[in-house]
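Novice: Let me give you the structure first, and then I'll get to my questions.
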Amino acid sequence: MHDRTEMLLTAPPFGLLMRLSAPNSIAFLIQSGVSLTEVWFIGKLGTTSLATIALVFPLLMLTQMMSGGALGGGVASSIARAVGAGDLERAERLVWHSIAYATAGAVVFLLVFMIGGEYFLGFLGGKGDVLGQASLYCLVLFTGGIFIWLLGVLGAVFRGMGNMQFPARIMVFGAFIQVPLSGTLILGAFGAPQLGVVGAAVSAVVASLITSAIMIYKLSLGGMPVNLKRSACVFSRDLFADISKVALPASLSPLLTVATIISLTAIVGSFGEQALAGYGIGSRIEFLMVPLIFGLGAAMTALVGMAIGASNVVRAEHVGWIGGACAAAMAGVIGVTLALTADSWIPLFSTDEAIHASAKSYIQIVGPYFAFQGLGLSLYFAAQGAGFMFWPVLATCVRIILAIGGALLLAFTLELGLNGVFHAAGLAMAMYGVIIAGSLKLGAWRSGLQ
């Protein structure tokens, strides 16, 4: 067995998680900064552009969560289990299956948008200039989507073999490409054409193209536990199924999560463009937390997957509890801090009083629930490593029912208005974390191995 693999299977979990997650967490924090910087650039263009980015944000998140979270989680889990079992030939064949899945995912997303994308954006409340800008943004994003999907799964390949540093460095490099390019194209700086919101889509595609190409080159060089070899390009139903058994149920989670965001976006949109713009700022700030948890969760996927591959379920559960506790603490601190300092950071995005009020209300109501989101999301990634996704999917289903049903009940039946929508979102987030943590306590991963 490779020395590094042996270390990953035996070292104390807490210190190992901290070492492995630190590069990813820093990289994903920087990547979140990219997202917020783009909102700051777009905020310079006015309320219409802010409403546009709020409208398309769920679709951007869906693409990233499906490629890096659902499919990426399936890839990392499969490779980690193969490495944990000492079957490196299987792991290298899985790399090619991952690339094939990424290509198929990008094509499917593009076709679906071409067929019904504009109608869908209109359903969410897009009209006039907002709808036109949103449609063009999505067309650019999905046309170049193959590079975003490749970036997600190739990063998962590295994380599956326990290499967290390289994909983290590549993400930071990509951020240094995307931020100046976004500013240039959104605002039309340095003589470039002012593309507005569409410039953010162009910069995302270009940065993903460059960084995914670097990852392919690195995998082709050799010298790692798992490499990209032409001789391993042999497809089989068994290996596609191995990725799918995690990726398919895991894909329901981002689909339902984004469906929740989309539904809440539509409900909030009924309160007006300024309420929608404020919600867009608040929800983007919320997703500042998600990449941080993803950094820790990616390490949990790899370590849990390797432990399960080595038939050590006790270690897998230990990793899950330690990682979940760390994620809950980190997310909780972020949520409370953002809620207490709302008046300090919201004006960075908009000085409109109605937008400010909407964003402030959202973060002060939902922020305290972030600890539950951190707990649930980190254990979701750990469950991917275990290869048992029933309870995370169930928790996500419960969350969307509570969020949407609660929003309609509190906002309109009980006449709590916009604040009712936000209270429902927070309570649903709490239930999500409780259900996933409860399933681990009851031995869900042990049941999955029987």
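The values are calculated or read from the model by the stated rules, or taken from the named source; none is laboratory data. A quick note: this is a predicted structure, and the numbers were derived from the prediction, not measured. Here Cβ is always computed from backbone atoms with ideal geometry, including for glycine, and neighbour counts include all displayed protein chains. We work out accessible area using only protein heavy atoms, side chains counted, and drop any ligands, DNA or RNA first. Shrake-Rupley method; radii C 1.70, N 1.55, O 1.52, S 1.80 Å.
Novice: Can you tell me which residue is farthest from I42 (Cα to Cα) among those in the stretch 192-218 that are surrounded by 18 or more Cβ atoms within 10 Å (Cβ to Cβ) and hydroxyl-bearing (S, T, Y)?
Specialist: My answer is S212.
Yes/no per residue for (1) more than 16 Å from A359 (Cβ to Cβ); (2) touching a residue at least 40 places away in the same chain (Cβ under 8 Å); (3) within 18 Å of the chain's Cα centre (by Cα); (4) not in a helix (DSSP H, G or I):
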position: F271; (1), (2), (3), (4): no, yes, no, yes
position: Y279; (1), (2), (3), (4): no, yes, no, no
position: I285; (1), (2), (3), (4): no, yes, yes, no
position: F294; (1), (2), (3), (4): yes, yes, yes, no
position: L303; (1), (2), (3), (4): yes, yes, no, no
position: A307; (1), (2), (3), (4): yes, yes, no, no
position: V314; (1), (2), (3), (4): yes, no, no, no
position: I322; (1), (2), (3), (4): yes, yes, no, no
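Novice: From the list A331, A310, A342, pick out the single residue that is in contact with a helix residue (DSSP H, G or I) (Cβ under 9 Å, 6 or more places away or on another chain), open to solvent by 10 Å² or more (accessible area, probe 1.4 Å) and among the small types (G, A, S).
Specialist: On the way: A331 fails: open to solvent by 10 Å² or more (accessible area, probe 1.4 Å); A342 fails: open to solvent by 10 Å² or more (accessible area, probe 1.4 Å).
Selected residue: A310, the only one of A331, A310, A342 that is in contact with a helix residue (DSSP H, G or I) (Cβ under 9 Å, 6 or more places away or on another chain), open to solvent by 10 Å² or more (accessible area, probe 1.4 Å) and among the small types (G, A, S).
Novice: Identify the single condition in (1) touching a residue at least 12 places away in the same chain (Cβ under 8 Å); (2) assigned to a helix (DSSP H, G or I); (3) open to solvent by less than 60 Å² (accessible area, probe 1.4 Å) that F173 does not satisfy, given that it satisfies every other one.
Specialist: (3)
Novice: Which of the residues that make up the stretch 219-240 are open to solvent by less than 50 Å² (accessible area, probe 1.4 Å), over 25 Å from M7 (Cα atoms) and of a type outside the set (S, T, Y)?
Specialist: Initially, the stretch 219-240 is screened for residues open to solvent by less than 50 Å² (accessible area, probe 1.4 Å), giving 219, 222, 224-228, 232, 236, 239.
Filter once more, so that each one left must be over 25 Å from M7 (Cα atoms): 232, 236, 239.
Result: A232, L239.
Novice: While we're here: Quick one: what pairs do we get from the stretch 32-54, first residue under 15 Å from S358 (Cβ atoms), second of a type in the set (D, E) and part of a helix (DSSP H, G or I), C-beta under 9 Å, 6+ apart or different chains?
Specialist: T47/E273; L50/E273; A51/E273; I53/E38
Novice: Among residues belonging to the stretch 313-328 that are of a type in the set (V, I, T) and open to solvent by 30 Å² or more (accessible area, probe 1.4 Å), point out the one that is farthest from F372 (Cα to Cα).
Specialist: At the first step, the residues of the stretch 313-328 found to be of a type in the set (V, I, T) are 313-314, 319, 322.
Among the residues that remain, those that are also open to solvent by 30 Å² or more (accessible area, probe 1.4 Å) are: 314, 322.
Working: V314: 24, I322: 15 Å.
Only one residue fits best here, namely V314.
Novice: Also: Kindly indicate whether L379 is within 26 Å of W445 (Cα to Cα) and either open to solvent by less than 20 Å² (accessible area, probe 1.4 Å) or assigned to a helix (DSSP H, G or I) (or both).
Specialist: Values: within 26 Å of W445 (Cα to Cα): yes; either open to solvent by less than 20 Å² (accessible area, probe 1.4 Å) or assigned to a helix (DSSP H, G or I) (or both): yes.
Taking the combined requirement at face value, the residue satisfies it.
Novice: Then there is this: Does the stretch 335-383 hold any residues that are modelled with pLDDT under 90 and of a type in the set (D, E, K, R), and which are they?
Specialist: D352, E353 - these are the residues of the stretch 335-383 that are modelled with pLDDT under 90 and of a type in the set (D, E, K, R).
Novice: Inside the stretch 200-247, can you point out the residues that are free of Cβ contacts under 8 Å to residues at least 24 places away in the same chain and assigned to a helix (DSSP H, G or I)?
Specialist: If we filter the stretch 200-247 for residues that are free of Cβ contacts under 8 Å to residues at least 24 places away in the same chain, which is where we start, we get 213, 217, 220-223, 230-231, 237-238, 241.
Listed by number, the residues that qualify are A213, Y217, S220, L221, R230, S231, R237, D238, A241.
Novice: Give just the number: which of (1) surrounded by fewer than 23 Cβ atoms within 10 Å (Cβ to Cβ); (2) not in a helix (DSSP H, G or I) does G162 not satisfy?
Specialist: (1)
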